[in-house]
Amino acid sequence: MNGFYTILLLILSNVFMTLAWYGHLKLQETGTSSNWPLIGVIVFSWGIAFLEYCCQVPANRLGFVDNGGPFNLIQLKVIQECISLAVFCIIANIMFQGTHLHWNHILAFLLIICAVYLVFMK
């Protein structure tokens, strides 16, 4: 079950991370944060990033093999990066409707999936 909870927490973590890194761009696009000073945007993003860390740190602790989890450090990192890109693509397509995936993006993701496979090989 630690592996399942690790993946779930990594997905949640990456949703918050993507919103923290790129959500302010959507707020600016809609006019909500157009007049915010840069420090205000940074503090807003840090607030969201705090939620990301509240998921990321437990995910790594639960998932790490030395804590009873199923993943070594390299596996955790590759899983996190793969989830990060998948979550980013979904959120970017929802929030920024003009963002489209092309064949080279799909191929890049397939290569990342290959990387995940290779990391788990003995």
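Out of (1) within 21 Å of GLU81 (Cβ to Cβ); (2) surrounded by fewer than 15 Cβ atoms within 10 Å (Cβ to Cβ); (3) without any contact (Cβ under 8 Å) to a residue 60 or more places away in the chain, what's the single condition that is false for LEU9? LEU9 satisfies all of (1) within 21 Å of GLU81 (Cβ to Cβ); (2) surrounded by fewer than 15 Cβ atoms within 10 Å (Cβ to Cβ); (3) without any contact (Cβ under 8 Å) to a residue 60 or more places away in the chain except (2). Hey, can you tell me all the residues within the stretch 65-82 that are under 19 Å from the mean Cα position of the chain (by Cα) and open to solvent by less than 50 Å² (accessible area, probe 1.4 Å)? The answer is PHE71, GLN75, LEU76, VAL78, ILE79, GLN80, CYS82.
Among all residues of the stretch 71-87, there is at least one that is in a helix (DSSP H, G or I) and of a type in the set (Gly, Ala, Ser).
Conditions tested, residue by residue: (1) in contact with a Lys or Arg (Cβ under 7 Å, 6 or more places away or on another chain); (2) open to solvent by 60 Å² or more (accessible area, probe 1.4 Å); (3) over 19 Å from LEU9 (Cβ atoms); (4) without any contact (Cβ under 8 Å) to a residue 40 or more places away in the chain.
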| position | (1), (2), (3), (4) |
| --- | --- |
| SER84 | no, no, no, no |
| CYS89 | no, no, yes, yes |
| ILE106 | no, yes, yes, yes |
| ILE112 | no, no, yes, yes |
| LYS122 | no, yes, yes, yes |
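Yes/no per residue for (1) of a type in the set (A, V, I, L, M, F, W, C); (2) farther than 26 Å from LEU62 by Cβ; (3) modelled with pLDDT under 90:
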position	(1), (2), (3)
ILE7	yes, no, no
SER13	no, no, no
LEU19	yes, no, no
LYS26	no, yes, yes
GLU29	no, yes, yes
SER33	no, yes, yes
GLY40	no, yes, no
PHE44	yes, yes, no
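Residue count for the stretch 91-104 under the criterion of being within 18 Å of PHE16 (Cβ to Cβ), open to solvent by less than 90 Å² (accessible area, probe 1.4 Å) and β-branched (Val, Ile, Thr): the result is 1.
Assess whether TYR5 counts as being of a type in the set (Phe, Trp, Tyr) and over 15 Å from the mean Cα position of the chain (by Cα).
Details: of a type in the set (Phe, Trp, Tyr): yes; over 15 Å from the mean Cα position of the chain (by Cα): yes.
So TYR5 passes the test.
Starting from the stretch 57-77, keep only residues that are farther than 12 Å from ASN2 by Cβ, then list their pairs with residues that are assigned to a strand (DSSP E or B) and open to solvent by 20 Å² or more (accessible area, probe 1.4 Å) whose Cβ atoms are within a distance under 8 Å, requiring at least 6 positions of separation or different chains. These pairs meet every condition: ASN72/PHE64; LEU73/PHE64. The residues of the stretch 18-63 that are in a loop (DSSP other than H, G, I, E, B), surrounded by fewer than 13 Cβ atoms within 10 Å (Cβ to Cβ) and not β-branched (Val, Ile, Thr), listed by number, are GLY31, SER34, ASN35, PRO37.
The values are calculated or read from the model by the stated rules, or taken from the named source; none is laboratory data. Remember, predicted model here, so these are calculated numbers, not experimental data. Please note: Cβ atoms are built from the backbone with ideal geometry, for glycine as well, and neighbour counts cover all protein chains shown. Just the protein is used for accessible areas: all its heavy atoms, side chains included, with ligands, DNA and RNA removed. Shrake-Rupley method; radii C 1.70, N 1.55, O 1.52, S 1.80 Å.
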